[in-house]
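What follows draws every value from the coordinates through simple rules; no lab data is involved. Quantities reported herein were computed from a predicted structural model and do not represent experimental measurements. Cβ sites come from the backbone with ideal geometry, for glycine too, and all protein chains shown count toward neighbours.
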Amino acid sequence: MPEIPPLDTPPPHYQCVRCGNCCRWPGDVNVTGSEVTAIATFLGREESEFVENCTRLNANRTGLSIIDKPNGECLFLAGTNTCLIQSVKPLQCSGFPNVWNFPGWRDKCEAVEV
Ligand code: SF4
Ligand code: SF4
């Protein structure tokens, strides 16, 4: 018979090991208005120029997404695992996989349970 954990068992926490996989898989990297401001400021770029050259309409047409490079990885991924906007990266990035994830995420993300 399987062991049933107590109801107050906290959910596991996963620590990112910076494999960079989530920066390479297809899909939107959504950015809010305040994140656009923060990233443009961090990069020393005009917000309108940043929006024009670094973002696109997201798939469900509700907001902006950072564009991909021709090879499909995020525009701000350098090498295999360096985020060029690490300190101001969108909540979508910093929240994965603990704040949000998707069915089957464990097969694609190398984060370790701590
Ligand atoms: S913004 Fe940074 S953390 Fe987010 S997908 Fe792009 S490279 Fe990865
Ligand atoms: S896929 Fe998981 S372990 Fe790899 S960088 Fe993204 S969050 Fe971190």
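Hey, what number do you get for the chain at 222 nm if only DSSP H runs of n ≥ 4 count, each worth -39500 (n - 2.57), divided across all residues, to the nearest 500?
On the way: 3 runs with 23 residues, N = 114.
After summing the helix terms and dividing by residue count, I get -5500 deg cm²/dmol.
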| So what is log10(I(q)/I(0)) for the range 43-97 at q = 0.12, 0.16, 0.19 1/Å, when the Debye sum runs over its Cα atoms only? | -0.30, -0.54, -0.78
| message | Along each principal axis of its Cα atoms, how long is the chain end to end? Whole angstroms, biggest number first, please. | response | 60, 27, 26
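Give me the dipole magnitude in Debye, nearest 20, for the chain about the Cα centre, with unit charges on the beta carbon: positive for Lys and Arg, negative for Asp and Glu.
Values: 9 positive and 13 negative charges, 44 e Å.
Dipole size: approximately 220 debye.
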| task | Can you tell me the order of 107-113, 62-68 when each peptide is scored by its average per-residue count of other Cβ atoms within 10 angstrom, highest first? | result | 62-68, 107-113
| task | Could you work out how far the C-alpha centroid of the range 38-58 sits from that of the range 60-89, in angstrom? | result | 12
